[in-house]
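What follows draws every value from the coordinates through simple rules; no lab data is involved. Given the structure is predicted, the values throughout are model-derived calculations rather than measurements. Virtual Cβ from ideal backbone geometry, glycine too; neighbours counted across all protein chains shown.
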Amino acid sequence: MEAGISFTNDIIPILRVFDVQKLKEFYVDFLGFNVDWQHQFEENSPLYMQVSQQNCILHLSEHHGDASPGSTIRIKVQQILTLHQNLLAKNYKYARPGLEETPWGTTEITVHDPFGNKLIFYEGN
């Protein structure tokens, strides 16, 4: 590595999405993310949006070349039991996620968004 170059841990995944209403129902209403900003070049053009919750930032894009549907991301959280209870309390009709204790020492919640992307929330290692 060249001198003077440093990397941070600020990684922002881009997930492919297709429907703004379903996007907001899942990411905002169910998972509790906030919409930070959104951009379209003109009306009826693809949407690009940033959502966040605390230090977790995601970019969601309808643009064809930005990402492939079916991606998987892992998001480290604290208080995963509380997160699990909160998600179940939302009574979202398309997901009733369980808790998994993994052999590698994590507790995980896996949810699939309406566009085929998988989000794994984990606590531990």
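Comparing 102, 67, 81 along the charge dipole axis of the stretch 59-125, the residue lying farthest to the positive side is 81, per the Cβ-charge model.
Here the relative contact order of the chain, from alpha carbon pairs under 8 Å that lie six or more residues apart, stands at 24 percent.
Of all DSSP beta bridges in the chain, what percent run antiparallel (nearest 5)?
Values: 20 of 28 bridges.
Looking only at bridges with both residues in the chain, the antiparallel portion is about 70 percent.
Amide H contacts of residue 76: 122, each under 5 Å away and 5 or more positions distant or on a separate chain (H built 1.01 Å from N in the peptide plane; Pro and chain starts excluded).
Whole-Hz Karplus values for the stretch 82-97 come out as 5, 4, 4, 4, 4, 5, 5, 5, 5, 6, 5, 6, 9, 7, 10, x Hz, taken residue by residue from phi with 6.51 cos²θ - 1.76 cosθ + 1.60 and θ = phi - 60°; glycine and proline positions read x. For the chain, a Gaussian network of Cα nodes joined below 10 Å ranks 85, 40, 54 by mean-square fluctuation, and the top entry is 54.
Sorted from longest to shortest, the spans of the Cα atoms of the stretch 14-124 along the three principal axes equal 46, 26, 24 Å.
Work through the residues other than residue 106 whose Cβ is under 14 Å from its Cβ and net out their charges, Lys, Arg +1 and Asp, Glu -1.
On the way: positive: 74, 76; negative: 100, 101, 108, 123.
Neighbourhood net charge equals -2.
Extending 7 Å from the Cα toward the beta-carbon at both residue 77 and residue 12 defines two label points whose distance is 2.2 nm.
Using 0.36 nm per residue and subtracting the Cα-Cα separation, the extra length available between residue 35 and residue 125 on full extension is 29.5 nm. Rounded to the nearest 20 debye, the dipole size of the chain about its Cα centre is 400 debye, using +1 on the Cβ of Lys and Arg and -1 on the Cβ of Asp and Glu. For the stretch 93-111, list residues with backbone N below 13 Å from a point placed 7 Å from the Cα of residue 56 toward its Cβ? Counting backbone N atoms under 13 Å from the label point, the list is 108-111. Averaging the Cα positions of each part gives two centres, and for the stretch 1-56 and the stretch 110-125 these lie 15 Å apart.
Of all lysines in the structure, the ones whose alpha carbon falls short of 18 Å from that of residue 118, not counting any fewer than 8 places away in one chain, are 22, 24, 76, 93. Amide H contacts of residue 53 (H built 1.01 Å from N, in plane; Pro and chain starts excluded): 34 sit under 5 Å, all sequence-distant by 5 or more or on other chains.
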